[in-house]
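Enquirer: Next up is a structure, given as structure tokens.
The values are calculated or read from the model by the stated rules, or taken from the named source; none is laboratory data. Note that this is a predicted model, so its numbers are computed, not measured. Here the Cβ positions follow ideal geometry from the backbone for every residue, glycine too, while neighbour counts run over all protein chains shown.
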Amino acid sequence: MVSEKKVAGHISVSYPQLHEMVPSEEYDEDAQLYSAVNLEALQRRFKDERIPIFALDETGNGFAVVVPHFINPIAENKVAREIINLGTHITSWVALAPSPLNNGTSICKLDTNLSADQSFEIIPQMKPPHYITGIVAGITSCLFQKRQLGNASVLVLNAEGHLGFEKVDADLVMDAADLVAKYLVGEQNKTSYIKQLSARVRKINSGITLGMYL
């Protein structure tokens, strides 16, 4: 959903301990083999990541980050804190999160007491037993701790699938894009952005039936 913008930087995630875990020559061959296989499995599970930070305009007044799924909740929480630290002068935050709403609602918002964007007022609030997880939950928690949650608008999209790999349908992607386009490209470019994104979504959606990753 992020348009083609300049990459202003990256958030790097690495696990140096895994690279330092070299099997010792003191073990016998079977033990070395087991250790090597175990290390390889850990390195596949906890992969290094390089997450781009997109600048939304030339002034540097806005940025967008698309965060992959992390199996390690500690790493995920650390990334959330790094994202919050990027925006020391940010006056408003907008986040999109998938959730199995299962209540006939396609999109709702997290109750942050004071919505940062009045255009989101028409969107119903998310209510129990529904929930959000992952990076957006981490960011929301960090904003709460810094007493900045009132500056955030968290939009929750109905999704299906395993945790971290939820999918949303094409129509919902476009609905969400219409809501947040002004943040990504500005009001003056919203129409052309929606048109281009719609063409891309239709092209992607033509070959699948289960929706798309958010």
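Yes/no matrix, rows are residues, columns are (1) over 22 Å from Leu56 (Cβ atoms); (2) not assigned by the TED database to the domain that holds Ile107:
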residue	(1), (2)
Thr133	yes, no
Ala137	yes, no
Phe144	yes, no
Leu157	no, no
Val185	no, yes
Ile194	no, yes
Ala199	no, yes
Lys203	yes, yes
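Enquirer: Let me ask you something else. Out of curiosity, is Thr91 of a type in the set (S, T, N, Q), part of a loop (DSSP other than H, G, I, E, B) and surrounded by fewer than 16 Cβ atoms within 10 Å (Cβ to Cβ)? Before the answer, list the steps.
Expert: Numbers: of a type in the set (S, T, N, Q): yes; part of a loop (DSSP other than H, G, I, E, B): yes; surrounded by fewer than 16 Cβ atoms within 10 Å (Cβ to Cβ): yes.
Taking the combined requirement at face value, the residue satisfies it.
Enquirer: Another question, then. Suppose we keep only residues that are surrounded by 14 or more Cβ atoms within 10 Å (Cβ to Cβ), assigned to a helix (DSSP H, G or I) and among the β-branched types (Val, Ile, Thr) within the stretch 66-88. Which one would you say is modelled with the highest pLDDT?
Expert: The qualifying residue modelled with the highest pLDDT is Val79.
Enquirer: Would you point out which residue out of Phe144, Phe165 is of a type in the set (A, V, I, L, M, F, W, C), within 20 Å of Val67 (Cβ to Cβ) and modelled with pLDDT under 90? Working first, answer last.
Expert: Numbers: Phe144 fails: modelled with pLDDT under 90.
Going through Phe144, Phe165 in turn, the sole match is Phe165.
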